[in-house]
Amino acid sequence: QVQLVESGGGLVQPGGSLSLSCAASGSIFSINAMGWYRQAPGKQRELVASILRGGTTNYVDSVKGRFTISRDNAKNTVYLQMNSLIPEDTAVYYCHAHVQLYSWSVAYDYWGSGTQVTVSS
């Protein structure tokens with residue numbers, strides 16, 4: 001099986017920065033897409049940023065210019081650098097990976113357990 005272990009998050013004042021990381025482990029042949037989603041209380045989970053194995057990135061409009069996603073394919077790890085944080089960024093952030101377990105298999109979605117990010121003065 002595949003496990004995604006997140007680290008980072010916490011409490012930060014508006015305008016501050018936080019960094020998240022997520023490492024995938026287990027029986028992995030290849031990871032196609034990796035990304036971060038978030039869910040605020042009373043709201044649906046939304047895609048924050050994603051990155052393909054080749055480096056192509058995608059961001060939700062509300063974080064463009066403030067957040068940067070990156071990945072280390074050798075370490076099966078994805079990162080999210082969050083700058084200029086605002087209270088609206090407060091949410092539980094979930095790591096996602098689209099993992100191919102074997103060379104001959106289809107890819108499956110895996111999720112981390114989530115890490116809380118709170119932006120408040």
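The values are calculated or read from the model by the stated rules, or taken from the named source; none is laboratory data. Note that the structure is predicted; figures quoted are calculated from it, not measured. Please note: Cβ atoms are built from the backbone with ideal geometry, for glycine as well, and neighbour counts cover all protein chains shown. Areas reflect the complete protein model, heavy atoms only, side chains present, ligands, DNA and RNA absent. Shrake-Rupley method; radii C 1.70, N 1.55, O 1.52, S 1.80 Å.
Structure remark: mean-square fluctuation, Gaussian network model of the chain, C-alpha springs under 10 Å; the largest value among 56, 90, 77 belongs to 56. Given a 1.4 Å probe and the protein chains as shown, residue 27 ends up with an accessible area of around 60 Å². Amide H to amide H distances under 5 Å link residue 86 with 15, where only residues 5 or more positions off or on other chains count and H is placed in the peptide plane. When every Cα-Cα distance of the stretch 57-121 is counted in 10 angstrom steps from zero, the calculated P(r) takes the values 17, 44, 28, 10, 2, 0 percent. Per atom type, the chain shows carbon and sulfur on 50% of its accessible surface, probed at 1.4 Å.
Among the chymotrypsin sites (Phe, Trp or Tyr not before Pro) in the stretch 52-111, those placed in a DSSP loop whose Cβ has at most 14 other Cβ atoms within 10 Å are 102, 104.
Three principal axis extents of the stretch 1-71 based on alpha-carbon atoms, in descending order, are 40, 24, 24 Å. With the simple model of a label 7 Å out from the Cα in the direction of the Cβ, residue 56 to residue 28 spans 2.1 nm.
Ligands, DNA and RNA excluded, the heavy atoms of residue 5 present near 90 Å² of accessible surface to a 1.4 Å solvent probe. Shown in residue order for the stretch 17-26 are the 3J(HN,Hα) couplings computed by the Karplus curve 6.51 cos²θ - 1.76 cosθ + 1.60 at θ = phi - 60°: 10, 9, 10, 10, 9, 8, 10, 9, 9, x Hz (x for Gly and Pro). Taking all protein chains as they are arranged and a probe of 1.4 Å, the heavy atoms of residue 106 leave approximately 90 Å² accessible to solvent.
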